[in-house]
Amino acid sequence: MKLLLTNIKELLQIREDRLEKVSGKAMSELPTLKDAWLLIEDGRIADFGKMTDLKPLGSIETIDCTGKLVLPAWCDSHTHLVYAGNREQEFVDRINGLSYQEIAEKGGGILNSAKKLQNTSEEELYRQSAERLEEVMKLGTGAIEIKSGYGLTTEAELKMLRVAKKLGENYPITVKTTFLGAHAVPSEYKGNKDGYLDLICNEMLPKVASEKLADYVDIFCEEGYFSVADTDRLLSEAKKYNLIPKIHVNQFNAIGGIAMGVQHKALSVDHLEVLTEADIQALQNSQTMPVALPSCSYFLSIPYTPGRELISAGLPLALATDYNPGSTPSGNMNFVVATACIKMKLTPEEAINAATINGAYAMGLSATHGSITKGKKANVIITKPIPSYGYLPYAFGSNLIDTVLINGEKV
Ligand code: NIG
Ligand code: FE
C-alpha cells in the first residue's frame, strides 16, 4: 500500500537522524521543508523531498496538499482517558466558590470517579472510553498514554487497564498503559494509607505485572495524597516488575517528589505547576522528561508550569493533555499547543517540539513516533490551507485539521 502527499506547502518536524528528544535552545528549532512531497508505504514514512525533485512514481493514490501543512501527529503522553461518567456538578461547585481540594476533601474528586467506575461494567467502560479515543484521533493524536487510577480496588484497577489495552488492540493509535493505583487513598482505607499501599504492593502490582497490563507505574505525589516516602516505597517495589515510573508531582506543592522521581530514573515527571530551584537542579543531568499539562492549569485556574524556566535551564519539555473527568475534561492537543504558546510563552517551534518528539520520548516511542523521519510510523496531520505554522496556536479556537493519517490510513 502506497500513498503520496504532494504540493505540501510546508512539511514540519523533519528529523533525518534518530533523535530521542530536544532540550533547551534546540527546542526553538523546527526543521521544515517547503513545497514538499511525502511518500507513505505500508503504514510507514518511506521518503520525502522537494516537489522539484519528485521523480515519477507511476499511478499511486495521491493526496494534493496545496496550501496545506503536514506535521507529525501529536504524541499525548499523559491521559486518564478511561473513566466512567463525568463530574460536571463539581465544575459548577467550583464556579460557585469551592476549591478543587475542598471538593476532594468532601469525597468528591478522584473518589467520586472511582465509585462511578466500580459500578460500571467493563463493556460500558470500553464504550465510553472508545468514544473519547475516536474523538482525540480526529483531533490529531497518533500515540497516547492511558492511566488507571479511578479503580482503587484490585478488580477495578485491572478492569481499567484491560480496557486501555483493548483500545490499543482495536484501534490503529499506539497506546501505552500506566498503573496508577496510588492515585488517592480509597474511602475503605481512610486513615490507613499504609494499608492501601500494602494492597498496591502485595496484590495489585503482582497482578498488573503478571497479566502484562502496564508499561509504566505512576503515583500522585502530593500533600493529602502520597508522600515522597510513599513514592520511594512504591517505585522501589515497581522496579522488581520492570515498571518504569512516570509520576504526578508538584501540582499544588513542591515536596521533593521530583528528586525522588529522578532518583528512580522516572521517564517523566508530570504537572510541575509549582517548581523550585532545587527541582530544576534535580532534573539537570537526568534523562527524565518534564511534562506540562496546560489545559489542567486552564480548567482549574492554577499556575501554569514555568516552561520557559525549564527550557532556559537547558532542559527538555513535553506537553500533554491530562484528559480526565476532574481537572481536564479535554483531550485536545491543539488546544494544549495553543495554550502553551499563549499562557506559558512557548514559541510555536517549542510547543510543536514539546507535543511531538518530546511527547514521544515521554512514552518511550521516539524511535517510531514524533517526527517526519524515514521508517517512522506514517502518523501525520494534514492541516486545512493556512498561512504558516504559527497560525496553528494563533487561531486557537478553530479546527484547522483537514485529515489525520495513522499508520498511513485516514482516521
Ligand atoms: O492529573 N492530579 C491528579 N490526578 C488528575 C486529576 C484527578 C481528578 O480530579 O479526577 C490530574 O489532574
Ligand atoms: Fe494526570
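Read-outs throughout are calculated quantities, based only on the coordinates presented, and are distinct from any laboratory measurement. Not measured: the values here are computed from a predicted model. Methodologically, a virtual Cβ is constructed for each residue, glycine included, from the backbone with ideal geometry; neighbour enumeration extends over all protein chains shown.
With R₀ set to 60 Å, the beta-carbon distance separating Lys190 from Glu409 gives a calculated FRET efficiency near 0.80. For Met289, nonlocal amide neighbours, meaning residues 5 or more places apart or on other chains whose placed amide H falls under 5 Å from its own, are Ser268, Val269.
Stretching Glu155 away from Ser121 to a fully extended chain increases their span by 11.1 nm, per 0.36 nm per residue minus the current alpha-carbon distance. For the listed peptides 378-390, 341-353, 98-110, a ranking on the average number of other beta carbons within 10 Å per residue, highest first, reads 341-353, 378-390, 98-110. Mean-square fluctuations from a GNM of the chain, with a 10 angstrom spring cutoff on Cα atoms, peak among Asp53, Asp215, Asp279 at Asp53. Of interest is the spacing of the C-alpha centroids, which for segment 239-255 and segment 123-157 amounts to 20 Å.
Only Cα pairs under 8 Å and 6+ residues apart enter the sum, and on that basis the relative contact order of segment 75-361 stands at 18 percent. For the chain, with a Gaussian network of springs between Cα atoms less than 10 Å apart, report the residue from Tyr323, Tyr171, Tyr216 with the top mean-square fluctuation. Highest fluctuation of the listed residues: Tyr171. Each peptide in 64-70, 298-304, 256-262 was scored by the mean count of other Cβ atoms within 10 Å over its residues; highest first, the order is 256-262, 64-70, 298-304.
Kindly provide the helix-only [θ] at 222 nm of the chain, computed as the sum of -39,500 (n - 2.57) over DSSP H runs of four or more divided by all residues, to the nearest 500 deg cm²/dmol? Before the final figure, lay out the partial values.
Details: 16 runs with 138 residues, N = 411.
Mean residue ellipticity at 222 nm (helix-derived): -9500 deg cm²/dmol.
In the chain, a dipole from Cβ-located charges (positive for Lys and Arg, negative for Asp and Glu) runs towards its positive end, and of Gln128, Tyr189, Tyr389 it is Tyr389 whose Cα lies farthest in that direction. Taking the centroid of alpha carbons for each part, segment 275-290 and segment 177-216 are 27 Å apart. Beta bridges assigned by DSSP with both partners in the chain are antiparallel in approximately 45 percent of cases. Put the Cα centre of segment 319-378 next to the Cα centre of segment 1-52 and the gap is 17 Å. One chain, two ends: Leu57 and Glu29. Fully extended at 0.36 nm per residue, the span grows by 6.9 nm beyond their Cα-Cα distance.
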